[in-house]
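First, the structure itself, so that you have it in front of you.
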Amino acid sequence: MYTYVKNDTSLTFSDVPPDMLLYYDYEMVQKVNCSLYFSALGRADFSVSSSFLNRQKILFNNAQTCLGISGFNLNKTQVAILGNMTCTLNSSYIQNSDPLIIEKLKNCGDLTDFQVSGIQTLLFSGNTNYGNLSTWNLQTLQQLGPLPLYLNQDFWNKFNFTEKKIFLPSFMSALRAKNTPVTKLQSLFTASKQNFRRRRDTGCTAGYITDTTIADQSFILNYTSTQFDLCLNITVLINNLAAITQIVLDPSMEMVILNKLNQVYLSGLGDSVLQLLGPTSRVANVSEIKSWNITSLDTLASLMNPVNGAWTSDQSNAVIMNYLRVPGHTLGLAEINAIMSDICSLNTSALNNITAENLRYANPIDLSNCTIDQKTALYNIANISFSSLHSNATEFFLLIRSFLGGAPLSDIINLAPQNISMDITTFINLNPDVVKYLSVNTVRDLLGVNLPILKMFESSTLVRFWEAQQYQSDLDILGIGLIGGKQNPTTSSPTNSTTTQTILSTTNSTAGYATVHQDAGPWCLSLFVGLLTVTLHAVL
């Protein structure tokens, strides 16, 4: 959409998707309309803009000029207009701005530790709608929306145990429903727990954990990892494994769960247990994973579910190879869809066992973590998978593009005249060893209507690398302002006496060299003659 409206000076900003305005050329915005532009832009999701573009900083610099922002103190009107752009501001702005900024920050998809520090400083000042710290209660937690997910222990220490016990179960359930990353849930769990005095535990003092105890999801707040170990009976654990692994998010407690299970299942955990491990599975080391008995596709799918957190490459490789070692198990369609981006943890030998038919119908796979060799192996299979669609260039490209990072130079060149208008994301994920050999004309034909966006991504490593291989005069032909080319070659007139003298001197030197080194044989003389011929042809 940006490509089609970029030259529209009379654009009605409220009539277009706000995310598109992240890319709109600010020079096209009339000064009298700049506040309307930023008001519409304030509804955008600023996290979608590529980090290569540095758009967040550029946009805020323009907003400062438009809205008269100086220093770190934003007034209420400025905060209201900026909207979601406040999600890009640092701690200094957050803690010194109008309290309305707290409400705007509730819309952020994520917050940095520095931003959280600014939020807490502003909240602790008592100059917000949430009042003085001494008045904070359960209602305060509820009114803060998603922000408690990010706030640290200093914040949580302002609330008593009862308030947290009531608030956290429903809050955690709501976060899980939004597929909040497990790592964030773990941080929340750690920050909100009661402070326990360090003492030498010799027995269960927090109360033995029973079926009834587990029914109250907030029970875990009563326990340290040591007390959790001492108070949790193995029988209770096995009978309530699904519930406990969903409630417990402290890695030290998860280790307690895993250790207790290993004491019972000495020959390795089986399918019925593994399918209930959830996030607890991520604390297992590779040796433990190799002892597991993964015989069911359902178990593989359960273990690879990204909702339970990310695996390391070694861990995911161990899980998948453990499954594949069972006779009859292959990387079929269902398996590929189960492991998805963790496919990059497999070596090329394993990847080469994937059939073209299965890859053809698999869900889209994120290969960003794959090596070039892995991408090449998958591209070769995908190319066979979609070979029947070569006559329909657009459809073929849409299916093959996620695999093009492993494509050879010849295949990329063959795509250029097909009028596919390759998107910039696909382009910057091509193999650098392929891109460096792409001519200016080939890149122009590959990108099509997306060519102007190449300038926007000029700071990316791949684009800068490609530019450096081109002559600046060739880049200038594109007319999009690329300036990273190498110096243009000097040209000489065929009648230039200096050039002629140089050629003659070269001829004489070559002849002399050949005479002195007659013992080098006739092949050597032929070589010099050939080189001289090429030189003369190139110059004259």
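The values are calculated or read from the model by the stated rules, or taken from the named source; none is laboratory data. What you see is a predicted model, and the numbers here were worked out from it, not measured in a lab. In this analysis, Cβ positions are derived from the backbone assuming ideal geometry, glycine residues included, and neighbour counts consider all displayed protein chains. Just so you know, the surface numbers come from the protein's heavy atoms only, side chains and all, with ligands and any DNA or RNA stripped out. Shrake-Rupley method; radii C 1.70, N 1.55, O 1.52, S 1.80 Å.
Which one is nearest to the chain's Cα centre (by Cα), of the residues in the stretch 436-481 that are among the polar types (S, T, N, Q) and in a helix (DSSP H, G or I)? Lay out the reasoning, then the answer.
Taking the stretch 436-481 first, the residues among the polar types (S, T, N, Q) are 439, 441-442, 450, 459-461, 469-470, 472-473.
Then keep just the ones that are in a helix (DSSP H, G or I); that gives 441-442, 450, 461, 472-473.
Values: Asn441: 31, Thr442: 28, Asn450: 22, Thr461: 16, Gln472: 33, Ser473: 35 Å.
Looking at residues that are among the polar types (S, T, N, Q) and in a helix (DSSP H, G or I), I get Thr461.
Yes or no, residue by residue, for (1) modelled with pLDDT of 95 or more; (2) open to solvent by 60 Å² or more (accessible area, probe 1.4 Å); (3) in contact with a Pro (Cβ under 9 Å, 6 or more places away or on another chain); (4) of a type in the set (Phe, Trp, Tyr):
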| position | (1), (2), (3), (4) |
| --- | --- |
| Gly203 | no, no, no, no |
| Phe219 | no, no, no, yes |
| Cys231 | yes, no, no, no |
| Leu237 | yes, no, no, no |
| Leu241 | yes, no, no, no |
| Leu249 | no, no, yes, no |
| Ile257 | yes, no, no, no |
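Working only within the stretch 126-155, note down all residues that are among the hydroxyl-bearing types (Ser, Thr, Tyr), in contact with a helix residue (DSSP H, G or I) (Cβ under 8 Å, 6 or more places away or on another chain) and more than 19 Å from Ser170 (Cα to Cα). Write out each step before concluding.
Initially, the stretch 126-155 is screened for residues among the hydroxyl-bearing types (Ser, Thr, Tyr), giving 128, 130, 134-135, 140, 150.
If we keep only those that are in contact with a helix residue (DSSP H, G or I) (Cβ under 8 Å, 6 or more places away or on another chain) too, we end up with 128, 130, 150.
Of everything in the stretch 126-155, those that are among the hydroxyl-bearing types (Ser, Thr, Tyr), in contact with a helix residue (DSSP H, G or I) (Cβ under 8 Å, 6 or more places away or on another chain) and more than 19 Å from Ser170 (Cα to Cα) turn out to be Thr128, Tyr130.
For the stretch 302-326, name all the residues that are surrounded by fewer than 16 Cβ atoms within 10 Å (Cβ to Cβ) and under 23 Å from the mean Cα position of the chain (by Cα).
Asn305, Pro306, Val307, Ala310, Thr312, Ser313, Asp314
Looking at the stretch 23-121, what helices (runs of 4 or more DSSP H) fall wholly within it and have at least 2 residues that are in contact with a Ser or Thr (Cβ under 8 Å, 6 or more places away or on another chain), β-branched (Val, Ile, Thr) and crowded, with 19+ Cβ neighbours inside 10 Å?
Values: elements: 34-41, 55-67, 76-82, 91-96, 100-105.
Once the helices (runs of 4 or more DSSP H) in the stretch 23-121 are filtered for at least 2 residues that are in contact with a Ser or Thr (Cβ under 8 Å, 6 or more places away or on another chain), β-branched (Val, Ile, Thr) and crowded, with 19+ Cβ neighbours inside 10 Å, what remains is 76-82, 100-105.
Hey, which of the helices (runs of 4 or more DSSP H) in the stretch 222-323, taking only ones fully inside, have at least 2 residues that are out of contact with any strand residue (DSSP E or B) (no Cβ under 7 Å at 6 or more places or on another chain) and more than 19 Å from Val182 (Cα to Cα)? It would help to see each step written out before you state the result.
Values: elements: 225-231, 234-239, 241-247, 251-264, 271-274, 286-291, 297-303.
Per the criteria, 225-231, 234-239, 251-264, 271-274, 286-291, 297-303.
Something else now. What residue, among those in the stretch 265-301 that are small (Gly, Ala, Ser) and within 30 Å of the chain's Cα centre (by Cα), is most open to solvent (accessible area, probe 1.4 Å)?
Selected residue: Ser287.
Same structure, new question: I need the full set of residues from the stretch 170-181 which are crowded, with 16+ Cβ neighbours inside 10 Å and part of a helix (DSSP H, G or I), in order please.
Phe171, Met172, Leu175
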